[in-house]
1. Which residues, counting only those in the range 249-271, are assigned to a helix (DSSP H, G or I) and either out of contact with any strand residue (DSSP E or B) (no Cβ under 7 Å at 6 or more places or on another chain) or among the β-branched types (Val, Ile, Thr) (or both)?
2. What residue, among those in the range 181-214 that are of a type in the set (Lys, Arg) and out of contact with any helix residue (DSSP H, G or I) (no Cβ under 8 Å at 6 or more places or on another chain), is surrounded by the most Cβ atoms within 10 Å (Cβ to Cβ)?
3. With the checklist (1) modelled with pLDDT of 90 or more; (2) out of contact with any helix residue (DSSP H, G or I) (no Cβ under 8 Å at 6 or more places or on another chain) in hand, flag the one item Leu154 doesn't pass.
4. Please give the strands (runs of 3 or more DSSP E) falling wholly within the range 1-95 in which 1 or more residues are surrounded by 17 or more Cβ atoms within 10 Å (Cβ to Cβ) and either of a type outside the set (A, V, I, L, M, F, W, C) or touching a Leu at 6+ places or on another chain (Cβ under 7 Å) (or both).
5. If you go through the range 20-33 one residue at a time, how many are within 16 Å of His62 (Cβ to Cβ) and touching a helix residue (DSSP H, G or I) at 6+ places or on another chain (Cβ under 7 Å)?
6. Can we say Ile245 is under 19 Å from Asp14 (Cα atoms), in contact (Cβ under 8 Å) with a residue 24 or more places away in the chain, touching a Leu at 6+ places or on another chain (Cβ under 8 Å) and in a helix (DSSP H, G or I)?
7. Take the residues in the range 156-182 that are out of contact with any Lys or Arg (no Cβ under 7 Å at 6 or more places or on another chain) and hydroxyl-bearing (Ser, Thr, Tyr); name whichever of them is nearest to Val111 (Cα to Cα).
8. Give me the residue from the range 126-161 that is among the polar types (S, T, N, Q) and part of a helix (DSSP H, G or I) and, out of that set, surrounded by the most Cβ atoms within 10 Å (Cβ to Cβ).
Amino acid sequence: MKIDVGVIAMDLDDTLLKHDLTISDRTVDALALARKRGIKLILASGRSPEAMYPYAERIGIHRDPSFLICNNGSQAIASDSRRTVFEDFLPTDIALEAFRLTVDAGLSCHVYEGDKIWVSRETEFSDQDWRLSGLKPIVPTDYEELIRRGVFKLVIPGDPEYIVPIEAEMKVVFSDRATVFVSKPYFLEVLPRGVGKGEALQRIAEGILGVPRNRVMAFGDSMNDESMIRYAGQSVAMRNSRPEILAQARHVTDRTNDEDGIADFLERFVL
């Protein structure tokens, strides 16, 4: 029996993308068929809009009136016109406090803006972020002044052994003031309170498209996908997902992101 869906939201890294950061022809074909059947395709990522546009073009939604959920839900962009649909900035006082805690811990900070990554200092992780996103890291003269201009989120990179205790500390410090989670084992993120991919997906699916929760499908693999997996009535964890995501999802793909897991699932259960 096929699953009836009106919206399909997909994380990028380790979900829609293979580890070489490509989308296979098989997956493009499956998503094209979904579009022909009237299903809205939405990309949902921690990446900035500029780092997401090439993938929107690859799956054809740059010509469709659909959406990109960017910066882990703190920003939504129309996929065809690139206009801002909504955005939520991290309060300046919280962003500054989190940045200072980061510096005290000996770690660096990343902020995505346009085609750049503003980094508090160059590290192996700024080079890694460059490879992943295609955005060039630049060290500003005054990082706190940059933050005062307004940021969607802070990304704090570091070895997982250092990230784990900082995450625990920040979850206590910002318990009722901000959203804190690890998106990749080496990326800790601080977002506005109540902001996430799931919240953004709900605003779009129900508020804009009029699609009920039970007809919303979402694919994800990591903790920045958790709110999206919790929200979607037809949540799908990739086979390569973190255990926490596997435990919460209604469905699990039989194949990983490197094995066309999304295409395989859609061909069997949706298309």
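The values are calculated or read from the model by the stated rules, or taken from the named source; none is laboratory data. Computed from a prediction, not measured in an experiment: that's the story for all the values here. Glycine gets a Cβ as well: all are built from the backbone with ideal geometry, and neighbour counts include every protein chain shown.
1. Result: Asn257, Asp258, Glu259, Gly261, Ile262, Ala263, Asp264, Leu266, Glu267, Arg268, Phe269.
2. Arg203
3. (2)
4. 7-10, 40-44, 67-70, 75-78
5. So the answer is 2.
6. No.
7. Tyr162
8. So the residue we want is Ser133.
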